[in-house]
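*Asks:* This structure is in structure tokens; I'll ask about it shortly.
Each value in this text was obtained by applying a stated rule to the coordinates, not by laboratory testing. As the structure is a prediction and not an experimental result, all values here were calculated from the model. Glycine gets a Cβ as well: all are built from the backbone with ideal geometry, and neighbour counts include every protein chain shown.
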Amino acid sequence: MINVLICAFQSGINELASSLPEPKDTVNYFISWQGENIASLPVPSGLANRSDVKLSRLEGKGLSKNRNNCIRIAKEYQAYGYFLIADEDVNFLDGFENQIENAFATHSEADLLCFQVKSKEENNPFKNYPLKSHSVSLKSIDRISSVEIAGKMEVLDQVRFDVRLGLGADFPSGEETAFLADCIRSGKRIIYCPAAIVSHPFETSGKRRVNMFSDQALQLVGGRSYRIYGPKISQVFFFYSAIKNFGKYRNTRSFFSYLKQLHRGVRKFKKLENG
């Protein structure tokens, strides 16, 4: 069984209702519908009458909270088999459920698999993906997007998304990277599979960039890196990053100013609680 964990926000639920594939016996959809004052809003007819859809409303904001609510729903319904992380603007390619099951049959040693995403704009590939399958380590998890991740349901018995990270949180990115890092630290094996299972707009929140070397941007990198890689590895990364990027920021700030903002981000992150 494939359990698709879909996050929808506000009116995005309508886009999802019009794009969800026809029901299949091998697929369930667990939808967390998040937003402000949505308790009284009607569920779109395209979702309300489907036995393969389980929907929960969630007041407020925070993508990681939304993802965790998806997991909660699936666990309440005692979902088994495999999960796939998805968003309201994803389209599922024909046979995606078979692709996932076949890939896990091939890589039986894997706890999670990371697939490809097909861009909805043909002239703009979503990413430059490797052509061959390989193991995913802490060194490569920052290249993975949430909608590429599938896994065995048992993984979700131990791991959740960090609500301090992701859209709507104090540190608005890196939630999927922290999730994968936690999986690796808990002994889970992750493998990349060179096969597309969904399509997605080329332009995503993760591709939008503010000034990479502003105080705010560096603080976000600092706090996020501390959470994902831990205190020791993040310190090595800070110095490496400051040296590697020196030629790009030297006209706007000093080497030590660069490091100062990264460490300020760490201090800000430490003050937050993962509720």
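*Asks:* Once the other residues with Cβ under 12 Å from the Cβ of Asp25 are scored (Lys, Arg +1; Asp, Glu -1), what is the net sum?
*Replies:* Working: positive: Lys24; negative: Glu22, Asp52, Glu97.
Neighbourhood net charge equals -2.
*Asks:* Give me a comma-separated list of calculated 3J(HN,Hα) values for the range 247-262, in order, Karplus coefficients 6.51, -1.76, 1.60 applied at θ = phi - 60°, integers in Hz, x for any Gly or Pro.
*Replies:* Along the range 247-262, the couplings run x, 8, 10, 4, 7, 10, 7, 8, 4, 6, 5, 4, 5, 4, 5, 4 Hz.
*Asks:* So what's the angle, to the nearest 10 degrees on a 0 to 90 scale, between helix 215-244 and the longest Cα principal axis of the chain?
*Replies:* Once rounded, the angle reads 80 degrees.
*Asks:* Please give the length that would be gained between Glu154 and Asn124 if that part of the chain were fully extended, namely 0.36 nm times their separation in residues minus their C-alpha to C-alpha distance (nm, one decimal). If you can, show how the numbers build up before the last one.
*Replies:* Values: separation 30, 0.36 × 30 = 10.80 nm, distance 3.54 nm.
Taking 0.36 nm per residue and subtracting the Cα distance, the gain is 7.3 nm.
*Asks:* Treating the beta-carbon of each Lys and Arg as +1 and of each Asp and Glu as -1, no other charges, what is the dipole magnitude of the range 2-207 about its Cα centre, to the nearest 20 debye?
*Replies:* Values: 22 positive and 27 negative charges, 91 e Å.
Value, rounded to 20: 440 debye.
*Asks:* Can you tally the net charge around Phe256? Count Lys and Arg as +1, Asp and Glu as -1, for every other residue whose Cβ sits under 14 Å from the Cβ of Phe256.
*Replies:* Values: positive: Arg250, Arg253, Lys260, Arg264; negative: Asp215.
Around Phe256, the charge tally is +3.
*Asks:* Applying a 10 Å radius around every beta-carbon, put 27-36, 12-21 in order of their mean neighbour count, most first. Spell out each step's value before the answer.
*Replies:* Details: 27-36: 22.0, 12-21: 17.3.
Averaged packing, sorted descending, gives the order 27-36, 12-21.
*Asks:* Next question, about the same structure. From the phi of every residue in the range 34-49, what ³J(HN,Hα) in whole Hz does the Karplus formula 6.51 cos²θ - 1.76 cosθ + 1.60 yield, where θ is phi - 60° and glycine or proline is x?
*Replies:* Working through the residues one at a time gives 10, x, 9, 6, 9, 4, 9, 6, x, 6, x, 4, x, 10, 4, 9 Hz.
*Asks:* Could you tell me the calculated FRET efficiency between Ser186 and Lys75, based on Cβ-Cβ distance and R0 = 22 angstrom, to the nearest 0.05? Don't skip to the end; give the middle numbers.
*Replies:* Values: r = 17 Å, r/R0 = 0.77.
Approximately 0.80, to the nearest 0.05.
*Asks:* Dipole of the range 215-270, Cα-centred, from +1 at each Lys and Arg C-beta and -1 at each Asp and Glu C-beta, to the nearest 20 debye?
*Replies:* On the way: 12 positive and 1 negative charges, 21 e Å.
Dipole of the range 215-270, to the nearest 20 debye: 100 debye.
*Asks:* Working from Cα positions, state the angle (0 to 90°, nearest 10) between the long axis of helix 175-185 and the longest principal axis of the chain.
*Replies:* Between helix and principal axis, roughly 90 degrees.
*Asks:* While we're on this one: Write down the percent of antiparallel bridges among all DSSP beta bridges whose residues are both part of the chain, to the nearest 5. Before the final figure, lay out the partial values.
*Replies:* Working: 11 of 40 bridges.
Around 30 percent antiparallel, to the nearest 5.
*Asks:* So, one more: Just to confirm a number: summing +1 for Lys and Arg and -1 for Asp and Glu over residues other than Asp142 whose beta-carbon lies under 10 angstrom from that of Asp142, what do you get?
*Replies:* Values: positive: Lys139, Arg143, Arg224; negative: Glu176.
Result for the neighbourhood of Asp142: +2.
*Asks:* Quick one: check the C-alpha center-to-center distance for the range 229-275 versus the range 62-96, whole angstrom.
*Replies:* When both Cα centres are located, 33 Å separates them.
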